[in-house]
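> Got a structure for you, questions after.
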Amino acid sequence: MSAERRTAAELAAALAAGETTSVEITQAHLDRIAEVDGAVHAFLHVDAEGALRDAAASDRRRADDSPLGVLDGVPIAVKDVLATRGLPTTCGSRILEGWVPPYDATVVARLRAAGLPILGKTNMDEFAMGSSTEHSAFGPTHNPWDLTRIPGGSGGGSAAAVAAYETPLAVGTDTGGSIRQPGAVTGTVGVKPTYGGVSRYGLVALANSLDQAGPVTRTVLDAALLHEVVGGHDPLDSTSIEQALPSLVDAARQGADGDLAGVRIGVVKELGGEGYQAGVLARFEESVELMTKAGAEVVEVSCPSFVHALATYYLILPAEASSNLARFDAMRYGLRVTPQPADGSAPSAEDVMRVTREAGFGDEVKRRIILGTYALSSGYYDAYYGQAQKVRTLVVRDFGAAFERADVLVSPTAPTTAFRIGEKVDDPLAMYLNDLATIPANLSGVPGISVPSGLADEDGLPVGVQILAPALADDRVYRVGAALESLLAQQWGGRLLDQAPELTGAGA
Amino acid sequence: MACMPETPEHSISREEVAHLADLARIDLSDAELDHLAPQLSVILESIASIQEAAGADVPPTSHALPLTNVYRDDVVRPGLTAEEALSGAPEVERQRFKVPRILGDEQ
Amino acid sequence: MSDSLMSYDQALAAFDPALGLEVHVELNTVTKMFCGCPTTFGAAPNTQTCPTCLGLPGSMPVVNAAAVESAIRIGLALNCSIAEWCRFARKNYFYPDMPKNFQTSQYDEPIAYDGWLEVAVPVEGGDVETYRVEIERAHMEEDTGKSTHIGRTGRIHGADYSLVDYNRAGIPLIEIVTKPVLGTGERAPDVARAYVGQLRELLLGLGVSDVRMEQGSLRCDVNLSLAPKGSGTLGTRTETKNVNSLRSVERAARYEVQRHAAVLAQGGRILQETRHWHEDTGITTSGREKSDAEDYRYFPEPDLVPVAPGREWVERLRTELPEPPQERRARLQEAWGFTDLEMRDTVGAGALVLVEQTIAAGATAQAARKWWLGELARRANESETELSELGAAPADVARVQALVDEGTLNDRLARQVLDGLLAGEGTPDEIVAARGLAIVSDEGALGAAVDNAIAANPGVAEKIREGKVAAAGALIGAVMKEMRGQADANRVRELILDRLG
Ligand SMILES: [Mg+2]
Ligand SMILES: [Zn+2]
């Protein structure tokens, strides 16, 4: 099999066995990017030189028998919302076009410390605001299953890059579903870890109390391998958890035997039914049935506050974001647009800030900044932000009650399959609905995974199932996720992605 | 934090949007103001349900996992060189960030 | 531009002033509030920054434990309650010297609240009146960067552009806010000055800040309002920003009393605004209007977790506090044998710690007092600086006195050494050597000078021979002149009397 078709675990094994080199693997992926990314547009920046240099260094370590870890030499792509020293970081925004951070995010520093060559930075909705990657200032990413469709968002670039075999691994970030929903609509695996499980230092904040970085891969085991590299306590992130992670790789390997005997699976009543596409529900029910056959005990649980989760999210997120994005003011970095006042006077700093922010931010970003400014402004705080924080308590309580009856909770990851590019871009509310099922996990900080669960009958596009576990029990999403993955693979005789159309020749 | 007893109306006027844009330092065009006011009203309408979703007795949650007292020791950690600090600056003069004249007083 | 003023006495006859003082103290922690950058004053621009204090995208804050400890100690020393649980909040507003365009501060949950400080104000006739200033809160926040305004004026108004240095951004600040101070009447400016002076002394004693007003490590905003005499109401206040010496605190308060009174007497309305204090002209000018519409959109900082100081920690810090200023003064007065008046002058001049440190360096209590309240106080007065900011270290002053005691210097030479100290010429011994100031103890040279003086003043010499010893003064003067002051006057007298007696 060609290098780019292999999983990260397979590549790691081949490297360990000396059957291949990191330079060969990295070059194969760079070639693939050159071949297909003109059509997919998953990358905003490709660092061929840096990746090959790091790959060569990795090969020297392998030759010295001193690899930095299991994934030493396996290339990776990083969502453009994470600061990379010496590599442009734009967050998909004009306002940061050309900015090269003088520091690495902790996640990126850990990738480098583990020897993973960084292929480049992946496309995203501007400042991670969106569910389709259409809000990138640098043009949309296309879904490898159907290039006229969206790859999900905000991390559509990372998901599409993995789905298109441009990289075996990618890092995404998930504030309301931006790892899991793109995973679902591209037939890939995405994990949102427990809040605080992966450092946010260097992750350009969208909503600080919701953001979490995590793995974007083709298999559950690959996700576990990557999670173990990037996760763990970071003294630079005050909200980072100090407890050691349970072994996620072990959990994924254990789950792969497909045995779910004794596992209690809760189906969340509020995350299904009305508003969900028929094909999405059909694949979800099949997956639940499959897990039942594998020994799981299935119960229905109710989380009544979840109906308010979307509204809660759309108050907390814009409020925090409006403050986070205030720093983009043309003074210290990024875009500066200098107006020429009609009276010939020199423009003031205030003028430059206003004009730059008007020119540098896209519509969705402006919409949310205004909404967030409103929600925080004097007189409205208690009714909006304050109230949203209270509803958040109810969501946490609902999860607590549900996890007393079930070890994991399941739902469809996204209500629909990938829609057409342009279809919802001017209808913010319709766009927001994509995150209906994923948002509760962000509000309560619990971990979640999206695993491919088949193709919808009506459009033949991928569908994902979401598995949620209690905070700090990330191992459970890997165990159950791996079990479902292998049960489905037995049924399909391979991975879902094997059914994706060939992209060869679709290049620039 | 700031409080106002009555429940706000879930609509937002063009003037309000202009005021918010001023607070947020965004020079919105007339067309954007026309467009945004009704759009934000629709969004506010759709999120109005949370007003009744939780009673006064429910405590707020700011972080899902409640941590307290996370500190660092008072020990110097290497930072950026002046060159690195200034590397993204639109304009530099005398090793400082050069910014246009400032109108308002400091706070 | 200049406002009309009412005479101070007239103003006080018609109005009751209300004071409010907001003091920002820069802590002397090694690193900043939320990052590990050093806080050294005077470093080259933008050499003490990191992603966090530069507000780079993605950066995050982590609270400095030492700053929290200092905040608690300050709170305890001000008799405050210490919060069991409190948070940081974001104060959102745009300003180029603030890297994130929000200040990470505390809002409605300050770490310390509801305290007081007893302030002793010297009054004419040598008495002291004591005022209890209620402390509303002391909270933690971060400093901003520093802008230099380039243009004809050198000020922000009329500048062509500005240059920003972020070394100061993120240095820990404690903001200490009083409740309205009422009932001070004509003493309002004195109380304001005494409060800041004693707060400064208290902070110095705690060792939490350099409290150097001229370097901005202690900054004071003076809030003042007037209400019709006896009305019991509060008028509209103005906030005079960054008043950076004790003397200016008093002057600014006095000026605003006079200005408000003139406006109100003419039926005018006081604008709720900030005012700028102009040290050179001694006036305030209009700054930024403070309207109720000011909207900082505070919300809890989501990148930080709550501060919940354990009670054992707080109680341990309480037991480790230095003794309260009142008790300390009583103890020192007793130990030094100062009269009430001497003690009051010492405290009033802000010399308590200086005298204490000078004594610790070996001087007697009276010698220490003599230098600090005499020669040095005179110079501080002349240059309108605080004693502590004069440039004379207590150890140096003690050394000067030791040189006098050893007979190396006389008082006149000692004053020249002080000149050298204030000019930064080095240690007292270095100055003595460099300026050639030591008393000449070479008996040969001294004897020759005495002989010359006698020869040149035969009439005076004759009087002394006749027993008029008092006339020796004239000859001593002549000898000292020839020796350019570098002689021990007592020894000269002995030599003269030996020869003529
Ligand atoms: Mg403040
Ligand atoms: Zn710093």
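The values are calculated or read from the model by the stated rules, or taken from the named source; none is laboratory data. Only a predicted model underlies this, so the values are computations on that prediction, with no experimental measurement involved. Virtual Cβ from ideal backbone geometry, glycine too; neighbours counted across all protein chains shown.
> Of the residues C:112, C:77, C:67, only one is at negative phi, within 16 Å of ligand 2 (Cβ to nearest atom) and under 26 Å from the mean Cα position of the chain (by Cα); which?
On inspection, the qualifying residue turns out to be C:67.
> Can you say whether residue A:158 is in a helix (DSSP H, G or I) and crowded, with 24+ Cβ neighbours inside 10 Å, as far as the supplied structure shows?
Yes.
> Which residue is farthest from residue A:284 (Cα to Cα), if the candidates are limited to the stretch A:472-491 and must be surrounded by fewer than 22 Cβ atoms within 10 Å (Cβ to Cβ) and within 14 Å of chain B (Cβ to nearest Cβ)?
A:472
> Looking at residue C:72 and the list (1) of a type outside the set (D, E, K, R); (2) in contact with a Leu (Cβ under 8 Å, 6 or more places away or on another chain); (3) buried (at least 24 other Cβ atoms within 10 Å of the Cβ), which single condition is not satisfied?
(3)
> Follow-up. Out of B:74, B:22, B:30, I need the residue that is without any contact (Cβ under 8 Å) to a residue 12 or more places away in the chain, more than 7 Å from chain A (Cβ to nearest Cβ) and either under 30 Å from residue A:104 (Cα atoms) or over 24 Å from the mean Cα position of the chain (by Cα) (or both). Which one?
It is B:74.
> Would you call residue C:19 in contact (Cβ under 8 Å) with a residue 24 or more places away in the chain and in a loop (DSSP other than H, G, I, E, B)?
no
> Do we find that residue C:66 is in a helix (DSSP H, G or I), touching a residue at least 12 places away in the same chain (Cβ under 8 Å) and away from ligand 1 (no atom under 16 Å from the Cβ) in this structure?
Yes, satisfied.
> What are the residues in the stretch C:131-163 that are of a type in the set (S, T, N, Q) and away from ligand 2 (no atom under 16 Å from the Cβ), if any?
Once the filter is applied, which keeps residues that are of a type in the set (S, T, N, Q) and away from ligand 2 (no atom under 16 Å from the Cβ), the stretch C:131-163 yields C:147, C:148, C:153, C:162.
> Only one of B:41, B:46 is under 30 Å from residue A:307 (Cβ atoms) and more than 7 Å from chain A (Cβ to nearest Cβ); which?
Unique residue meeting the criteria: B:41.
> Could you please let me know if residue C:52 is at the interface with chain B (Cβ under 10 Å from one of its Cβ atoms), over 30 Å from residue A:357 (Cβ atoms), at pLDDT 95 or above and crowded, with 23+ Cβ neighbours inside 10 Å?
So residue C:52 does not fit the description; no.
> Go through C:493, C:415 for me and flag whichever is within 29 Å of residue C:371 (Cα to Cα), within 43 Å of the chain's Cα centre (by Cα) and surrounded by 13 or more Cβ atoms within 10 Å (Cβ to Cβ).
From the options C:493, C:415, the qualifying one is C:415.
> OK, next. What are the residues in the stretch A:63-108 that are touching a Ser or Thr at 6+ places or on another chain (Cβ under 9 Å), under 17 Å from residue A:229 (Cβ atoms) and either among the basic types (Lys, Arg) or surrounded by fewer than 21 Cβ atoms within 10 Å (Cβ to Cβ) (or both), if any?
If the condition is that a residue be touching a Ser or Thr at 6+ places or on another chain (Cβ under 9 Å), under 17 Å from residue A:229 (Cβ atoms) and either among the basic types (Lys, Arg) or surrounded by fewer than 21 Cβ atoms within 10 Å (Cβ to Cβ) (or both), then A:67, A:68, A:79 are the ones that fit.
> For the stretch C:297-313, give me the residue count where each residue is within 32 Å of the chain's Cα centre (by Cα) and either surrounded by fewer than 19 Cβ atoms within 10 Å (Cβ to Cβ) or within 14 Å of chain A (Cβ to nearest Cβ) (or both).
The number of residues fulfilling the criteria is 2.
> Take residue C:61 and tell me if it is outside any strand (DSSP E or B), modelled with pLDDT of 95 or more, away from ligand 2 (no atom under 16 Å from the Cβ) and not acidic (Asp, Glu).
Spelling it out, it is not the case that residue C:61 is outside any strand (DSSP E or B), modelled with pLDDT of 95 or more, away from ligand 2 (no atom under 16 Å from the Cβ) and not acidic (Asp, Glu).
> Just need a number here: residues in the stretch A:449-479 that are closer than 17 Å to residue A:214 by Cα and assigned to a loop (DSSP other than H, G, I, E, B).
Of the residues in the stretch A:449-479, 5 are closer than 17 Å to residue A:214 by Cα and assigned to a loop (DSSP other than H, G, I, E, B).
> Determine which member of the set C:52, C:104 is of a type outside the set (D, E, K, R), within 16 Å of ligand 2 (Cβ to nearest atom), at negative phi and in a strand (DSSP E or B).
The conditions single out C:104.
> Among residues belonging to the stretch A:374-408 that are of a type in the set (D, E, K, R) and more than 8 Å from chain B (Cβ to nearest Cβ), point out the one that is surrounded by the fewest Cβ atoms within 10 Å (Cβ to Cβ).
The residue in question is A:404.
> So, one more: Taking residue C:84 as meeting all but one of (1) crowded, with 20+ Cβ neighbours inside 10 Å; (2) in contact (Cβ under 8 Å) with a residue 12 or more places away in the chain; (3) away from ligand 1 (no atom under 15 Å from the Cβ); (4) part of a loop (DSSP other than H, G, I, E, B), write down the number of the exception.
Single failed check for residue C:84: (1).
> Further question on the same structure: Consider residue C:19 carefully, then state whether it is crowded, with 23+ Cβ neighbours inside 10 Å, modelled with pLDDT of 95 or more and within 16 Å of ligand 2 (Cβ to nearest atom).
No.
Residue by residue, here is whether (1) in contact with a Leu (Cβ under 9 Å, 6 or more places away or on another chain); (2) within 16 Å of ligand 1 (Cβ to nearest atom) holds:
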| site | (1), (2) |
| --- | --- |
| C:10 | no, no |
| C:14 | yes, no |
| C:19 | yes, no |
| C:27 | yes, yes |
| C:34 | yes, yes |
| C:44 | no, no |
| C:57 | yes, no |
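> Since residue C:79 meets every condition but one in (1) touching a helix residue (DSSP H, G or I) at 6+ places or on another chain (Cβ under 9 Å); (2) away from chain B (no Cβ under 12 Å), which condition does it not meet?
Condition not satisfied by residue C:79: (1).
> Select from the stretch A:232-254 the residues that are of a type in the set (S, T, N, Q) and farther than 17 Å from residue B:71 by Cα and write down the one among them that is nearest to the other protein chains (Cβ to nearest Cβ).
Going through the qualifying residues, I end up with A:247.
> Might you let me know whether the stretch C:31-48 holds any residue that is more than 16 Å from ligand 2 (Cβ to nearest atom), touching a helix residue (DSSP H, G or I) at 6+ places or on another chain (Cβ under 8 Å) and either more than 10 Å from every other protein chain (Cβ to nearest Cβ) or polar (S, T, N, Q) (or both)?
No, every residue in the stretch C:31-48 fails to be more than 16 Å from ligand 2 (Cβ to nearest atom), touching a helix residue (DSSP H, G or I) at 6+ places or on another chain (Cβ under 8 Å) and either more than 10 Å from every other protein chain (Cβ to nearest Cβ) or polar (S, T, N, Q) (or both).
Matching residues to (1) farther than 18 Å from residue A:168 by Cα; (2) not small (Gly, Ala, Ser):
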position: A:13; (1), (2): no, no
position: A:27; (1), (2): no, yes
position: A:31; (1), (2): no, yes
position: A:88; (1), (2): yes, yes
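> Kindly indicate whether any position in the stretch C:220-239 is touching a residue at least 60 places away in the same chain (Cβ under 8 Å) and in a helix (DSSP H, G or I).
No, the stretch C:220-239 has no match at all.
> Which pairs have Cβ atoms under 8 Å, sit 6 or more apart or on different chains, and link a residue in the stretch C:119-143 that is not assigned by TED's automatic domain parsing to the domain that holds residue C:79 and part of a strand (DSSP E or B) to one that is modelled with pLDDT of 95 or more and away from ligand 2 (no atom under 16 Å from the Cβ)?
So the pair list comes out empty.
> Considering the stretch C:260-278 alone, what residues qualify as being under 28 Å from the mean Cα position of the chain (by Cα) and exposed (fewer than 15 other Cβ atoms within 10 Å of the Cβ)?
C:278
> Is it the case that some residue within the stretch C:150-167 is within 28 Å of residue C:193 (Cβ to Cβ), in contact with a helix residue (DSSP H, G or I) (Cβ under 6 Å, 6 or more places away or on another chain) and not basic (Lys, Arg)?
Checking the stretch C:150-167: not a single residue is within 28 Å of residue C:193 (Cβ to Cβ), in contact with a helix residue (DSSP H, G or I) (Cβ under 6 Å, 6 or more places away or on another chain) and not basic (Lys, Arg).
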